[in-house]
Amino acid sequence: MLDFGMMIGGRKIAAAESFAVFNPATGELVGEAPNASLADLDEAVAAAQKAFPAWSQMPDASRQAACAALAGKLGEHAEDLARLLTLEQGKPMGALGSRWELGGAQAWAGFTASLSMPVKVLQDDKTGRVELYRKPLGVVGSITPWNFPVMIAIWHILPALRAGNTVVIKPSPYTPLSTLRTVELLNQILPQGVLNIVTSDDKLANIGAAMAAHEGIRKIVFTGSCATGEKVMQTAARTMKRLTLEMGGNDAGIVLPDADPATIAEGLFWGAFINNGQTCAAMKRLYVPDTLHEAICDALVAYARNVPMGNGIEDGIALGPVNNKMQHDKVSRLVAAAARDGRILLGGAPDEGLFSPVTLATDLPEDAPLIVEEQFGPALPIIRYTDVEEAIAAANASDNGLGGSVWSKDIPQAKEIALRLECGSVWINKHGAIQPNAPFGGVKKSGLGVEFGEEGLFENTDIQTIFS
Ligand code: NAD
């Protein structure tokens with residue numbers, strides 16, 4: 001078994017206590033993670049502060065080369081990391097699972113390494129020259145969730161480092177091991193203290209909350225639930241931290257009457273069920289016209305019946321268990337209410353352990369919990385509409401605004417509807433397809449700021465303007 005330690009100041013250290021991490025597919029122990037104390041967090045922040053002057057003042061080309069080398073390191077160890085990720089998260093090795101996540105992590109790291117922040121000249125004439133500089137902030141604190149632990153860690157770490165900051169990361173207590181190993185590997189390239197990790201069960205001490213309050217941290221990049229994100233924002237106010245908050249969603253997909261159910265069924269399915277539905281920007285509500293309702297329900301049921309669910313370490317599995325009991329119980333509650341108030345087309349009651357079958361439900365009341373709450377698991381409500389205006393209004397009747405999608409052969413009409421959806425990203429004839437060069441973030445209560453691309457990189461900087 002691998003020995004997991006926190007990397008602080010370039011040294012691998014154990015904490016006084018540890019906590020167990022279990023495989024959600026089998027219930028078996030995967031490993032023990034260090035359970036950090038507040039003193040461990042202070043040490044990690046101090047190490048990052050100490051490393052900041054040299055890292056931020058390093059020639060940009062050297063920092064860029066180091067970031068590119070991090071991408072290479074992820075590639076070299078992708079298979080081992082993917083295995084560990086499957087064991088602790090539950091997602092399959094194949095399909096859109098762990099190998100795919102590691103591929104994404106490497107691609108994002110490589111792209112982010114290639115970005116740069118040249119000085120912008122705002123004015124240069126007889127009256128003067130005005131230049132805009134982007135300067136690193138100092139220590140960036142990263143707090144990550146359990147659904148895509150490695151990829152989201154890279155989304156946080158790489159732009160922060162590329163912009164010249166140093167980092168302290170804290171992964172979710174459900175999936176700390178793949179992040180511990182990733183950070184250990186990246187430390188083989190980075191100078192001591194540039195990238196530090198603390199892990200916590202959130203019980204011995206709430207390290208995430210302590211990071212949001214910490215005087216030595218200048219910015220928090222947080223990915224997780226809306227409830228926790230709100231707490232981070234409140235706590236961070238006292239130290240006026242910069243924030244990037246990527247929170248929950250309740251994405252709507254709207255199928256227009258000209259769409260062909262047989263053609264779009266596969267895209268609809270994976271738009272909703274990627275990572276077993278445990279995806280921030282997965283389709284969580286599907287609006288379909290009365291005229292296509294039956295055909296779409298039939299096509300989705302037929303597709304879903306052939307998607308193998310099981311222990312993701314085995315070959316041929318496309319969907320695993322729900323990652324943890326808290327989430328499994330939430331999905332079960334929403335599905336039970338849907339069975340009571342509507343019609344279950346496929347799935348329904350939970351299986352053994354943390355497995356929850358792919359569930360398709362329809363004929364639900366407007367205020368069904370499966371429609372109004374974020375399920376973050378393998379259950380999708382299919383909702384009929386008569387007039388597309390109803391579907392647009394219902395899609396927007398949510399506090400969340402992460403993503404949305406429109407499905408039609410008529411691309412100009414789909415784009416018109418896309419522009420009326422209140423969300424940060426809209427996809428046409430697909431859902432959730434993110435890429436490293438396109439800013440991604442939520443509007444309304446889904447978050448603050450964006451990740452990816454130049455805009456995401458800039459969130460790791462302060463602006464300084466020089467007038468001469
Ligand atoms: P969560 O909010 O429970 O936990 C996220 C992280 O916050 C964990 O590391 C946790 O330990 C930490 N934390 C707990 N209490 C804290 C506190 N008081 N202050 C600071 N940090 C604290 O979320 P989760 O269950 O791990 O993830 C699922 C949620 O994340 C879903 O709502 C999903 O939509 C969202 N998510 C959003 C995105 C996005 O990009 N918008 C991506 C993935 C997941």
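Is it the case that region 380-399 has a residue that's closer than 23 Å to residue 441 by Cα and either within 14 Å of the ligand (Cβ to nearest atom) or touching a His at 6+ places or on another chain (Cβ under 6 Å) (or both)? Within region 380-399, one or more residues are closer than 23 Å to residue 441 by Cα and either within 14 Å of the ligand (Cβ to nearest atom) or touching a His at 6+ places or on another chain (Cβ under 6 Å) (or both).
Specify the residue that is nearest to residue 400 (Cα to Cα); the eligible residues are those in region 424-443 that are crowded, with 17+ Cβ neighbours inside 10 Å and more than 11 Å from the ligand (Cβ to nearest atom).
My answer is 426.
Residues that are open to solvent by less than 40 Å² (accessible area, probe 1.4 Å), within 21 Å of residue 256 (Cβ to Cβ), of a type in the set (Gly, Ala, Ser) and not in a strand (DSSP E or B) occur at least once in region 375-391.
For region 392-406, a tally of residues being assigned to a strand (DSSP E or B), in contact with a helix residue (DSSP H, G or I) (Cβ under 9 Å, 6 or more places away or on another chain) and either within 25 Å of residue 262 (Cβ to Cβ) or not polar (S, T, N, Q) (or both) returns 3.
Being among the polar types (S, T, N, Q), surrounded by fewer than 24 Cβ atoms within 10 Å (Cβ to Cβ) and without any contact (Cβ under 8 Å) to a residue 24 or more places away in the chain, is that true of even one residue in region 110-127? For region 110-127, residues among the polar types (S, T, N, Q), surrounded by fewer than 24 Cβ atoms within 10 Å (Cβ to Cβ) and without any contact (Cβ under 8 Å) to a residue 24 or more places away in the chain: present. Taken over region 201-228, the criterion of being within 7 Å of the ligand (Cβ to nearest atom), assigned to a helix (DSSP H, G or I) and touching a strand residue (DSSP E or B) at 6+ places or on another chain (Cβ under 7 Å) is satisfied by 208, 211, 212.
Any idea which residue in region 322-374 is farthest from residue 304 (Cα to Cα), counting only those that are among the aliphatic types (A, V, I, L, M), in a loop (DSSP other than H, G, I, E, B) and in contact (Cβ under 8 Å) with a residue 24 or more places away in the chain? Among them, the one singled out is 368. Here region 245-281 is the region considered, the condition is being among the polar types (S, T, N, Q) and more than 10 Å from the ligand (Cβ to nearest atom), and the residue that is surrounded by the most Cβ atoms within 10 Å (Cβ to Cβ) is 276. The set of residues from region 231-262 being touching a residue at least 12 places away in the same chain (Cβ under 8 Å) and in a helix (DSSP H, G or I) comprises 231, 232, 233, 235, 236, 238, 239, 261, 262. Once region 1-31 is narrowed to residues that are under 25 Å from residue 322 (Cβ atoms), more than 24 Å from the chain's Cα centre (by Cα) and of a type outside the set (A, V, I, L, M, F, W, C), the residue that is surrounded by the fewest Cβ atoms within 10 Å (Cβ to Cβ) is 28.
Here is a check on your reading of the model: is residue 301 on the phi < 0 side of the Ramachandran plot and surrounded by 24 or more Cβ atoms within 10 Å (Cβ to Cβ)? So residue 301 does not fit the description; no. When the residues of region 150-198 are filtered to those that are in contact with a strand residue (DSSP E or B) (Cβ under 7 Å, 6 or more places away or on another chain) and polar (S, T, N, Q), the one that is nearest to the ligand (Cβ to nearest atom) is 179. Looking across 415, 409, one residue alone is assigned to a loop (DSSP other than H, G, I, E, B) and in the same structural domain as residue 336 (by TED's automatic domain parsing). It is 409. Restricted to region 330-356, and to residues there that are under 29 Å from residue 445 (Cα atoms) and not aliphatic (A, V, I, L, M), the residue that is most open to solvent (accessible area, probe 1.4 Å) is 333.
Conditions (1) within 16 Å of residue 14 (Cα to Cα); (2) assigned by TED's automatic domain parsing to the domain that holds residue 57; (3) buried (at least 24 other Cβ atoms within 10 Å of the Cβ), marked per residue:
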{"residue": "170", "(1), (2), (3)": "yes, yes, yes"}
{"residue": "174", "(1), (2), (3)": "no, yes, no"}
{"residue": "184", "(1), (2), (3)": "yes, yes, no"}
{"residue": "189", "(1), (2), (3)": "no, yes, no"}
{"residue": "192", "(1), (2), (3)": "no, yes, no"}
{"residue": "203", "(1), (2), (3)": "no, yes, no"}
{"residue": "206", "(1), (2), (3)": "no, yes, no"}
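The values are calculated or read from the model by the stated rules, or taken from the named source; none is laboratory data. Since the model is a prediction, treat every value here as computed from it, not as a measurement. Reconstructed Cβ throughout: ideal geometry from the backbone, glycine too, with neighbour counts over all protein chains shown. SASA here: full protein model, heavy atoms, side chains in, ligands and nucleic acids out. Shrake-Rupley method; radii C 1.70, N 1.55, O 1.52, S 1.80 Å.
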